[in-house]
Structures are given as structure tokens and as C-alpha cells.
Amino acid sequence: MDVKESGILGDSINSHWYYASKALAVANLLKGRTFSKVLDVGAGSAFFSHFLLENSDIREALCIDTAYTGEKDGSYCGKPIHFRRTIGMSDADLVLMMDVLEHVEDDKAMLEDYIAKVPSGTEFLISVPAFQSLWSGHDEFLGHYRRYRLIQLENLIRSTGLAVLGGNYYFGAVFPLASTVRLLGRLRSGQNPKSQLMRHHPVINRILASICRLEIRIQKSNRCAGLTAFCLAKKK
């Protein structure tokens, strides 16, 4: 979760349909793969590191975010977790970049920088917001430079020398609804820079979560549409 939005959901982040569903998508993409240490780039509130420490064999997490005010060491589920603004070399065998690349002007340079920090064989799980046609004031608020099509993300990743292991869209089931909402928002207020993240009525939240949970079954084969593009890659 972006630091800018960390106060909107508070302790309810784990039950919010969007983050709960995205965590399931991450778990699905990493299913059957074993890692010991995760380097979480642009970690924000460390939601995904917390999720992996609690629900996988990963033993340690290092969270990097320039929005942090200082360095901190702690633990989560009895496992060490560290918070840093920057990092040198790392022995992590999994790098997470959850909605990070769209925040920098030179996305290739940023990705290459972190590729150089980790050993060969390290895997990268990357997500980015999908489709420039969905651009809205939410992107403006978060300081995004772009949204991506899946093929654009995969081509970017290949251009850095990483081997692409798989790519897909997610949140395809809610794609038509989100497209309509964002189109109506542009017609009413233009690109007003503000967060669209919000708490929903519990019934609405459960419905959206259930729809996205069903989508997990076909997630890896969805190369058509969605709100998020995922790519799993490996350093040769």
C-alpha cells in the first residue's frame, strides 16, 4: 500500500476486497516456489511482506521505500522485517515490486538498478496498473507516470536481461465496472487528483472479494484485460 493512502483503510486493509484479492493473486503466482528472503521495493505499509511472512516459508523481509522517515528493525509473525530508505547489495531470492515502476520516469533504469543488487537466480514478481485508458485523478494523486499493457511490461522486463516466466492481467472481472466509474469520473470532474481508495459497505466488500476470488482460478491465463498487470521473471 502506498504511504500516501496508508491512513484511509487503517487496520481494515487485510479485509478490503482489493488488497485481500491482490494478496491471493500474489500467493497464486508464487505457489509451488520456495524462497527464504524477500526484498520488497516500494513496500509502503509492508502489506505484501506481512502477508508473505505470515503465509509462506519466507523467513525474512527487507522493505525499501523512499517515503520512510528512517530505518527500523522489527519482527512479524516471529520473523525479522527491516525497513530502509535505500539498500546496497542484497542476498534476497525474491524481489517484489508491487505497483512501483509506474512511479518513476525511467522505469528501465530503476529495474536494472535492483537487478544488479541481487544474485543470479533471484526471481522478480512485478505488478503495475494496467491500461492507459484507465488513467484518472487517482493516478495523478499517486504520482504515476504511466499505466501499462501486459506486453509493454513484458518487453520492458526482457530489455533488462531478465527471463520472463509468465505474465497475466488480474481484476478482469471488475474491469468493466472500473472502466465505467473512471469514465464517468472524468466526465464529471476531469482529472481531479485524489485517491479513489475507500472503505465499502461490508456487503459490497464481500461481493467484490468473492468475484475476484473466483477469478484466481483463471488468473494465469488472463492476457485480455484487468486493472493490474503481473509478471514473474528471473535473473539469469
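Some notes on this structure:
- Test: residue in region 80-95 that is under 30 Å from Arg223 (Cα atoms), outside any loop (DSSP other than H, G, I, E, B), open to solvent by less than 40 Å² (accessible area, probe 1.4 Å) and in contact (Cβ under 8 Å) with a residue 24 or more places away in the chain: yes
- Test for Asp107: is it surrounded by 14 or more Cβ atoms within 10 Å (Cβ to Cβ) and at pLDDT 95 or above: yes
- Ile58 passes every criterion in (1) assigned to a loop (DSSP other than H, G, I, E, B); (2) modelled with pLDDT under 95; (3) buried (at least 16 other Cβ atoms within 10 Å of the Cβ) apart from (2).
- Top-ranked residue in region 20-37 [being among the small types (Gly, Ala, Ser) and in a loop (DSSP other than H, G, I, E, B); ranked as surrounded by the fewest Cβ atoms within 10 Å (Cβ to Cβ)]: Gly32
- Top-ranked residue of region 61-85 - restricted to ones that are modelled with pLDDT of 95 or more and of a type in the set (Val, Ile, Thr), ranked as nearest to Thr34 (Cα to Cα): Ile81
- The set of residues from region 135-147 being open to solvent by less than 10 Å² (accessible area, probe 1.4 Å) and within 17 Å of the chain's Cα centre (by Cα) comprises just one member, Asp139.
- Complete set of residues in region 61-77 that are surrounded by fewer than 19 Cβ atoms within 10 Å (Cβ to Cβ) and either in a strand (DSSP E or B) or under 13 Å from the mean Cα position of the chain (by Cα) (or both): Lys72, Asp73, Gly74, Ser75, Tyr76
- Checked against (1) modelled with pLDDT under 95; (2) in a helix (DSSP H, G or I); (3) open to solvent by 40 Å² or more (accessible area, probe 1.4 Å), Ser45 passes all but a single condition, namely (2).
- Counting only helices (runs of 4 or more DSSP H) wholly contained in region 98-163, the ones carrying 1 or more residues that are under 27 Å from Ser36 (Cα atoms), in contact with a helix residue (DSSP H, G or I) (Cβ under 7 Å, 6 or more places away or on another chain) and touching a residue at least 12 places away in the same chain (Cβ under 8 Å) occupy 107-115, 150-159.
- Scanning region 177-225 for residues that are among the hydroxyl-bearing types (Ser, Thr, Tyr) and within 21 Å of the chain's Cα centre (by Cα), we see that the one that is modelled with the lowest pLDDT is Ser195.
The values are calculated or read from the model by the stated rules, or taken from the named source; none is laboratory data. It should be emphasised that the depicted structure is a prediction, and the values quoted were computed from it without experimental measurement. A quick note on method: Cβ atoms are made from the backbone with ideal geometry, for glycine too, and the neighbour counts reach across all protein chains shown. The area values use the complete protein model at the heavy-atom level, side chains included, leaving out ligands, DNA and RNA. Shrake-Rupley method; radii C 1.70, N 1.55, O 1.52, S 1.80 Å.
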